[in-house]
Amino acid sequence: MKSFSDKISIRKPDDMHLHLRQGEILKVCAPESAKWFQRAMIMPNTIPPIINSERLISYRKEIEEAVFYRNNRESNIPKENFTPLMSFKLYPGMKEEEVIKLSKAGAVAGKLYPEGSTTNSEDGVKSWKQITEALSAMSKLGIILAIHGEKPDSFVLDREKDYLPELFQIIEHYPDLKIVLEHVSSVEGVNAVINGPVNLGGTITIHHLLITLDDLLGGGINPHNFCKPVVKTPKDREAIQNAALSGNRKFFFGSDSAPHPESLKIKTGGNAGIFSAPVAFPLLVSFFEKNGSKELLENFTSRYGAEFYNLPLNSSSITLERKESKVPERFSDIVPFMAGATIEWDISTSE
């Protein structure tokens, strides 16, 4: 096992899968991501959803204002140090003309939510055959297809596995379309990315790297560890860890940080989502220190995602120092991942 020194500096990382919500939650959560990450791929399942160029431009402005609102009062995050990468939500019957407008407005990805698969996906698609015109346009324009890869009516632990036949139908029909299987959570999902074509990648979250069903249900229900796809077995976690540590450039970091007020988590039918943004990167440092090396960490967080999305690598850097700190119990009315736990690394400088 290699150990880092008391400081580590790497190229500023990217978060290739992030939920920021809207309103006051956005104001609380956006700066927490901007503290650690140069760029973040913003998910479009807002209310109303990001389905046209006007909504995309408006939401990007809301995010920028949320980051800089706190910047002017509490933090030292320069304005140019955080870039929201925008995506749009695919919907049945979406036309090529709309995709072209979204591309011109700056969209770099389109998100496929199977109907009813997760938060605000009731208007998702039942089959990729409902969005063929949009997928063809995305392939021509070089827009990435990001997929929440679950079959909603399957047994909860099998939903990712059972979605894979549809994933490979899309790959077969659109061989030039770059596709990301988001938040891989199973042995089968990991193997699909490994054995799939070069244009198939996968994001890995910090919670799927670290926890299993035991952390959700084993010692009593912890609703703050409930997410979709759900965390699974030790065997699934081991496969995800091995993928992150393999150096395979098809796997890269996407937090899927997804905040909800505590009142929406602790109730019957509580919302799925883990708010990991404040702790994801220091936890990644600890994970790679215990299992790998600095080179693996930088590639996983700062290189492979950017390369898959055809983005330039970030030129700025971030330095962390070994310093224990306690994770806050809450951010406003949102309980974060690992609330109350002690983490080993904290930010030193970002430039």
Exercise for the section: Test Leu296 against the stated conditions and say whether it is open to solvent by 10 Å² or more (accessible area, probe 1.4 Å) and in contact with a Phe, Trp or Tyr (Cβ under 6 Å, 6 or more places away or on another chain). Expected result: yes
Fill in the blank from the handout: Over segment 274-291, the set of residues part of a loop (DSSP other than H, G, I, E, B) and either farther than 29 Å from Lys323 by Cβ or open to solvent by 10 Å² or more (accessible area, probe 1.4 Å) (or both) is Pro278
Completion exercise
Here the residues within segment 306-350 that are open to solvent by less than 70 Å² (accessible area, probe 1.4 Å) and of a type in the set (Val, Ile, Thr) are Ile318, Thr319, Val327, Ile334, Val335, Ile343, Ile347, Thr349
Fill in the blank from the handout: By residue number, the members of segment 137-162 that are outside any strand (DSSP E or B) and within 22 Å of Gly305 (Cβ to Cβ) are Met138, Ser139, Leu141, Gly142, Ile143, His148, Gly149, Glu150, Glu160
Handout entry: Qualifying residues in segment 209-256 (those that are among the acidic types (Asp, Glu) and farther than 16 Å from Arg159 by Cα) - the one surrounded by the most Cβ atoms within 10 Å (Cβ to Cβ)
Key = Asp256
Handout entry: segment 124-142 - residue that is out of contact with any strand residue (DSSP E or B) (no Cβ under 8 Å at 6 or more places or on another chain) and either buried (at least 21 other Cβ atoms within 10 Å of the Cβ) or in contact (Cβ under 8 Å) with a residue 60 or more places away in the chain (or both) and, of those, nearest to Ile51 (Cα to Cα)
Key = Ala137
Problem - Breaking point among (1) under 21 Å from the mean Cα position of the chain (by Cα); (2) closer than 25 Å to Phe281 by Cα; (3) modelled with pLDDT under 95; (4) part of a loop (DSSP other than H, G, I, E, B), for Asn76 - result: (1)
Handout entry: Selection count, segment 296-340, where residues are touching a strand residue (DSSP E or B) at 6+ places or on another chain (Cβ under 9 Å) and not in a loop (DSSP other than H, G, I, E, B)
Key = 22
Handout entry: Residue in segment 6-16 that is open to solvent by 20 Å² or more (accessible area, probe 1.4 Å), part of a loop (DSSP other than H, G, I, E, B) and over 13 Å from Glu64 (Cα atoms) present
Key = yes
Fill in the blank from the handout: Sole miss for Lys250 among (1) in contact (Cβ under 8 Å) with a residue 12 or more places away in the chain; (2) closer than 14 Å to Met338 by Cα is condition (2)
Problem - Residue identified as over 15 Å from the mean Cα position of the chain (by Cα), within 25 Å of Leu135 (Cβ to Cβ) and free of Cβ contacts under 8 Å to residues at least 24 places away in the same chain among Pro175, Pro165, Pro197 - result: Pro165
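The values are calculated or read from the model by the stated rules, or taken from the named source; none is laboratory data. Because the structure is predicted, anything quoted here is derived from the model rather than measured. All Cβ positions, glycine included, derive from the backbone under ideal geometry; neighbour counts span all protein chains shown. SASA here: full protein model, heavy atoms, side chains in, ligands and nucleic acids out. Shrake-Rupley method; radii C 1.70, N 1.55, O 1.52, S 1.80 Å.
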